[in-house]
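Below is one structure, written out as C-alpha cells; the observations come after it.
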C-alpha cells in the first residue's frame with residue numbers, strides 16, 4: 001500500500017451526470033463513468049491523507065477487511081494515474 | 001452498501 005498522497009490534478013473533476021444518473025470523472029478530452037465505490041474513493045482524495053489512511057477510513061465505513069480495500073484502492077488509483085486523471089505526491 | 005471492487009468505465 002502506498003504512503004503517497006493521491007489527488008486530482010488541475011483540470012480533473014467529478015460531475016454528476018443527471019441523464020445517466022451516475023457520477024463521472026472528467027479530465028482533459030476524456031470522461032470515465034464511476035460506480036458508487038469508485039466515486040467514494042475519488043471523494044476521499046483531499047490532497048492531505050495518504051492512500052493508507054483513505055483505505056483504512058473506507059474499510060471502516062463499509063465494514064470491509066482493510067487488506068482487501070487497500071488492494072482495491074491501490075489498483076483503482078494506479079489505473080487512473082496511468083490515465084493521468086490522478087496524481088500522487090510524497091507526504 | 002457493501003464494498004465491491006471499484007470501477008471506472010471510459011465514455012467514448
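Overview of results
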quantity: Partner chain coverage, peptide A:34-43 - average Cβ within 10 angstrom; calculated: 4
quantity: Fluctuation leader among A:50, A:60, A:78 - chain A, Gaussian network, Cα springs under 10 angstrom; calculated: A:60
quantity: Two-site label geometry, residue A:30 and residue B:1: point separation in nm, points 7 Å out along Cα→Cβ; calculated: 2.3 nm
quantity: Separation of alpha-carbon centers, segment A:50-91 and segment A:1-44, rounded to whole Å; calculated: 13 Å
quantity: Top of A:42, A:19, A:54 by mean-square fluctuation, Gaussian network on chain A, Cα under 10 Å; calculated: A:19
quantity: Among A:32, A:58, A:77: highest mean-square fluctuation, GNM of chain A, C-alpha pairs under 10 Å; calculated: A:32
quantity: Simple spin-label estimate for residue A:81 and residue A:17 in nanometres, 7 Å along Cα-Cβ; calculated: 2.6 nm
quantity: Normalised convex hull volume, segment A:23-76, alpha-carbon set, Å³ per residue; calculated: 81 Å³
quantity: The protein assembly as shown: C-alpha gyration tensor shape, a/c 1.5 cut-off, then a/b vs b/c; calculated: oblate
quantity: Largest-first ellipsoid semi-axes for segment A:45-91, taking √(5λ) over the Cα gyration tensor eigenvalues, angstrom; calculated: 19, 13, 8
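Values quoted throughout were computed directly from the atomic coordinates according to the rules given, and no laboratory measurement underlies them. If you're wondering where the values come from, they're calculated on a predicted model, not measured in any experiment. All Cβ positions, even for glycine, are placed from backbone atoms using ideal geometry, and neighbour counts span all protein chains on display.
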